[in-house]
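Taking it in order: structure first as structure tokens, then the write-up.
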Amino acid sequence: MWAYLMDKITQLSGSHRYYRHFERKTPKNSFDPYKPFFRNIRQDRKNNQMGQDHSQPKVGKFPKLANATRPLGAHHSVAGGLINAVTLAKDYRSTALQIFTKNANQWLGKAISDTDATRFRLGVVEAELRFVVSHDSYLINLGSAKEDLFAKSVDAFVDELQRAELLDLFGVVTHPGAHLESTPEEALLRVVKGLNTAHKNTQGFKVKTLIETTAGQGTSLGWRAEQIGWILDRVDQPERVGVCLDTCHLFAAGYAMSPGEELESTIDLMAQGFGLKNIKLIHTNDSKKPLGSRVDRHAHIGQGCIGIESLRAFVMHPKLAHLPLILETPKEKNEAGEEMDDVNLRLIEGFQSHQL
Ligand SMILES: [Zn+2]
Ligand SMILES: [Zn+2]
């Protein structure tokens with residue numbers, strides 16, 4: 001196995017050099033997001049599967065999405081095996097990826113075998129993915145006042161952390177939960193207790209817990225920046241916790257993003273609420289619902305109520321411009337038959353080459 005791994009690493013460092021070389025030769029800011037992608041990678045892969053061009057290593061052969069410093073990618077399905085999400089990320093020229101490590105509507109998943117874990121970790125290196133996270137199960141509610149549900153949530157969250165650690169992921173994105181019939185203050189206390197227990201049960205883990213800002217639907221916690229700050233201030237191991245922004249959620253929760261005063265005020269509110277240094281990732285989605293609607297519906301980039309100018313201004317804000325970007329928009333094709341993930345990623349890629 002080690003010989004195989006070493007062999008792969010040698011192979012990779014070679015192709016990586018090739019990629020860097022290629023990148024340097026590409027003129028800066030030459031990317032036009034509205035032009036169709038110069039090569040159909042999916043077709044290319046199909047051709048490969050049909051037995052053509054097997055000798056050529058795929059990695060490093062084409063330039064990645066044009067984000068020299070910040071990782072960019074999408075949430076991809078692991079249907080048929082964890083490695084399939086890596087293949088999809090590679091197809092979309094991504095440098096970042098988010099996955100569910102199991103069915104998101106179940107409490108516990110089948111254990112990940114050592115072979116699958118190794119295959120995944122190796123695949124991530126091979127695909128040159130620099131930032132990979134998972135999203136936890138939607139059933140988990142660390143804010144629950146029902147003792148059995150709270151205990152089940154803590155166990156399930158520990159399971160999520162263990163799976164992510166095994167896959168060598170940067171973090172597990174989690175929604176802080178809902179207060180239901182109790183008060184937000186009581187529920188936030190339980191979230192802190194739940195996180196402390198989960199972190200104590202996974203002592204020494206590298207994987208981070210990334211608390212996601214929410215839209216504030218129903219009794220969801222975490223739609224106010226200060227609620228997340230409140231949690232961060234009270235956890236026993238703050239170094240294990242970070243924040244994941246979601247542009248759709250922030251907007252639906254009432255944080256405006258129009259360039260200028262509105263955006264600056266949102267940045268200030270986040271700085272005061274949970275501290276900008278705690279942000280580790282931005283889920284980049286447009287919103288189908290208006291500012292302050294507190295309804296969570298993701299729209300394609302530029303096709304929602306935030307709009308492309310404000311989205312660009314937000315993710316390219318000097319205080320956020322270093323953060324990884326991960327897309328979570330519906331998986332579908334446009335009228336021209338293009339995958340919307342590809343269209344959305346190209347639009348975000350184009351943010352880099354526009355002066356604000
Ligand atoms: Zn999100
Ligand atoms: Zn959402």
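Laboratory data are not the source of any read-out in this text; all were calculated from the coordinates shown. Just so it is clear, the model here is predicted, and its values are computed rather than measured. No Cβ is skipped: glycine too gets one built from the backbone with ideal geometry, and neighbour counts run over all protein chains shown.
Going by how many other beta carbons lie within 10 Å of each one, how would you line up L88, L320, fewest first? List each step's numbers first, then the result.
On the way: L88 24, L320 17.
Lowest count first: L320, L88.
Pop the C-beta distance of R234 and E335 into the FRET formula with R0 = 35 Å and round what comes out to the nearest 0.05.
Details: r = 50 Å, r/R0 = 1.42.
E between R234 and E335, to the nearest 0.05, is 0.10.
Identify all aspartates and glutamates with a Cα-Cα distance to K288 below 12 Å; exclude those on the same chain that are fewer than 8 residues away in sequence.
Within the straight-line limit of under 12 Å, K288 reaches these aspartates and glutamates: D296.
Taking loop as defined by DSSP and a crowding limit of 16 other beta carbons within 10 Å, which trypsin sites (Lys or Arg not before Pro) in region 297-356 fit?
Working: sites: R297, R312, K319, K331, K333, R346; in loops: R297, K319, K331.
Counting only loop positions with at most 16 other Cβ atoms within 10 Å, the trypsin sites (Lys or Arg not before Pro) in region 297-356 are K319, K331.
Arrange the following residues from fewest to most other Cβ atoms within 10 Å of their Cβ: W223, W107. Write out the running numbers ahead of the final one.
Values: W223 21, W107 14.
So the residues, fewest neighbours to most, are W107, W223.
Identify the trypsin sites (Lys or Arg not before Pro) of region 158-250 meeting these criteria: DSSP loop state and at most 13 other C-beta atoms within 10 Å of the C-beta. Mind dumping the intermediate values first?
Values: sites: R163, R190, K193, K200, K206, K208, R224, R234, R240; in loops: K206, R224.
Listed in order of number, the matching sites are K206.
Report Rg (one decimal) and Dmax (nearest whole number) for region 72-351, counting Cα atoms only, units Å.
For region 72-351, the Cα-based Rg and Dmax read 17.9, 52 Å.
Sorted from fewest to most neighbouring beta carbons within 10 Å, what does the list Y255, Y138 look like?
Numbers: Y255 25, Y138 12.
In increasing order of surrounding Cβ atoms, one gets Y138, Y255.
Specify the inter-centroid distance of region 248-321 and region 219-245, based on alpha-carbon positions, in whole Å.
Going from one Cα centre to the other spans 18 Å.
Tell me the relative contact order for region 72-351 as a rounded percent, counting alpha carbon contacts under 8 Å between residues six or more apart.
Numbers: 583 pairs, mean separation 41.5, N = 280.
RCO, region 72-351: 15 percent.
Which entries in the list K90/K331; K102/K200; K206/K280; K193/K277; K277/K319; K208/K280 go over 18 Å, if you measure between the two C-alpha atoms of each?
On the way: K90/K331 16 Å; K102/K200 23 Å; K206/K280 14 Å; K193/K277 23 Å; K277/K319 9 Å; K208/K280 10 Å.
Check vs 18 Å cut-off fails for K102/K200; K193/K277.
I want to make sure I understand the PRE zone here: with the label point 7 angstrom from the Cα of L108 toward its beta carbon, which residues in region 155-181 have backbone N atoms less than 17 Å away?
It comes to 155-164, nothing else.
Using 20 Å as the cut-off for backbone N distance, which residues of region 226-246 belong to the label zone defined by a point 7 Å from the Cα of L276 along Cα→Cβ?
Zone members listed by number: 226-230, 232-233, 242-246.
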